[in-house]
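Chemist: For reference, the structure I am asking about is given below.
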Amino acid sequence: MHAIPVPEGVKTDTATFGEGCFWCTEAFFQRLNGVYQVQSGYGGGFVENPSYEQVCDKNTGHVELCRIVFDPAKISYDELLEVFWKTHDPTTLDRQGNDAGPQYRSVVFYHNEEQKQKAEHYKALLDKSGAWDKPIVTAIEPFKNFYPAENYHQNYYNDNQNQGYCRFVIAPKLEKFEKAFRDKLKH
């Protein structure tokens, strides 16, 4: 898990997003100022403590996702939602690029009523805006469980930048992300 110690007295909040491969999601959110922890894992399914192999077999109901612990005084949930919506294609069901299967579905798992309302509001606005040619299929569901992924999945991009998937899939996305969100990045 990528973690920065939370300073004493700082009140944090949690966001949980699935937007395809958690290696990509983790790499984006780790770079945001105000984000203390990003942990890759599995959620939304019905099997306790699933393994990566079980999730990839598509029989557990789980989604690859990231749990993000943040300081709402430095970065708002709205800003995290903006990153979420802009860093994946929310119009493809169970797919992001070449990654296909229900474990790659686009989903916001809300932790409270305010998060639910904000996610639904932005989804409706984006659908009306015509930003995409197809309707948004992102699910907005109550948070029910989170199981950390195996250690080798944590901090994946930072630890494996020369690996093929990192160089050819994540790095180009990260470059676009860093340009688009320059003012929100850690320095």
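The values are calculated or read from the model by the stated rules, or taken from the named source; none is laboratory data. Just so you know, these numbers come straight off a predicted model, no measurement behind them. Glycine also receives a Cβ, built like all others from the backbone with ideal geometry; neighbour counts cover every protein chain displayed.
Chemist: Scan the stretch 34-47 for residues that are in contact with a helix residue (DSSP H, G or I) (Cβ under 6 Å, 6 or more places away or on another chain) and under 18 Å from F181 (Cα atoms) and jot them down.
Modeler: Hits for the stretch 34-47 are V35, V38.
Chemist: Check A180 against each of (1) under 19 Å from I75 (Cα atoms); (2) in contact with a helix residue (DSSP H, G or I) (Cβ under 8 Å, 6 or more places away or on another chain); (3) surrounded by 14 or more Cβ atoms within 10 Å (Cβ to Cβ); (4) not β-branched (V, I, T) and name the one condition it does not meet.
Modeler: If we test A180 against (1) under 19 Å from I75 (Cα atoms); (2) in contact with a helix residue (DSSP H, G or I) (Cβ under 8 Å, 6 or more places away or on another chain); (3) surrounded by 14 or more Cβ atoms within 10 Å (Cβ to Cβ); (4) not β-branched (V, I, T), just (3) comes out false.
Chemist: Tell me which residues, restricted to the stretch 66-98, are without any contact (Cβ under 8 Å) to a residue 60 or more places away in the chain, part of a helix (DSSP H, G or I) and either more than 18 Å from F22 (Cβ to Cβ) or of a type in the set (S, T, Y) (or both).
Modeler: Across the stretch 66-98, the qualifying residues are D78, E82.
Chemist: Please go through (1) under 20 Å from N151 (Cβ atoms); (2) without any contact (Cβ under 8 Å) to a residue 60 or more places away in the chain for T25 and return the number of the only condition it doesn't satisfy.
Modeler: T25 satisfies every listed condition except (2).
Chemist: Can you list residue pairs whose Cβ atoms sit under 9 Å apart, with the first residue in the stretch 163-179 being in a helix (DSSP H, G or I) and the second being surrounded by fewer than 18 Cβ atoms within 10 Å (Cβ to Cβ) and of a type in the set (D, E)? Count only pairs 6 or more apart in sequence or on different chains.
Modeler: Taking only residues 6 or more apart or on different chains, the pairs are V169/D99.
Chemist: While we're here: Would you mind finding the one in E79, E141 that is of a type in the set (D, E) and touching a strand residue (DSSP E or B) at 6+ places or on another chain (Cβ under 7 Å)?
Modeler: E141
Chemist: Something else: In the stretch 141-172, which residue that is surrounded by 12 or more Cβ atoms within 10 Å (Cβ to Cβ) and of a type in the set (G, A, S) is farthest from E113 (Cα to Cα)?
Modeler: Result: A171.
Chemist: Moving on to the next point. Checking A131 against (1) surrounded by fewer than 12 Cβ atoms within 10 Å (Cβ to Cβ); (2) assigned to a loop (DSSP other than H, G, I, E, B); (3) among the hydrophobic types (A, V, I, L, M, F, W, C): exactly one of these is not met. Which one?
Modeler: Going through the list (1) surrounded by fewer than 12 Cβ atoms within 10 Å (Cβ to Cβ); (2) assigned to a loop (DSSP other than H, G, I, E, B); (3) among the hydrophobic types (A, V, I, L, M, F, W, C), A131 breaks only (1).
Chemist: What residue, of G41, G45, is in a loop (DSSP other than H, G, I, E, B), closer than 15 Å to Y104 by Cα and not aromatic (F, W, Y)?
Modeler: Of the residues listed, the single one that is in a loop (DSSP other than H, G, I, E, B), closer than 15 Å to Y104 by Cα and not aromatic (F, W, Y) is G45.
Chemist: Could you figure out which of (1) at pLDDT 95 or above; (2) buried (at least 17 other Cβ atoms within 10 Å of the Cβ); (3) over 22 Å from H187 (Cβ atoms); (4) over 12 Å from the mean Cα position of the chain (by Cα) isn't true of S40?
Modeler: (4)
Chemist: Let me ask something else. Among (1) surrounded by fewer than 23 Cβ atoms within 10 Å (Cβ to Cβ); (2) under 24 Å from K176 (Cα atoms); (3) not charged (D, E, K, R), there is one condition F84 misses while meeting the rest; what is its number?
Modeler: (1)
Chemist: Is it the case, given these coordinates, that P50 is assigned to a loop (DSSP other than H, G, I, E, B), touching a strand residue (DSSP E or B) at 6+ places or on another chain (Cβ under 7 Å) and either of a type outside the set (K, R) or under 21 Å from H111 (Cβ atoms) (or both)?
Modeler: yes
Chemist: If I ask for residues that are within 25 Å of S76 (Cβ to Cβ) and in a helix (DSSP H, G or I), which ones from the stretch 139-157 would you list?
Modeler: Hit for the stretch 139-157 is Y157, nothing else.
Chemist: Follow-up. Within the stretch 53-65, track down each residue that is part of a loop (DSSP other than H, G, I, E, B) and of a type outside the set (V, I, T).
Modeler: D57, K58, N59, G61, H62
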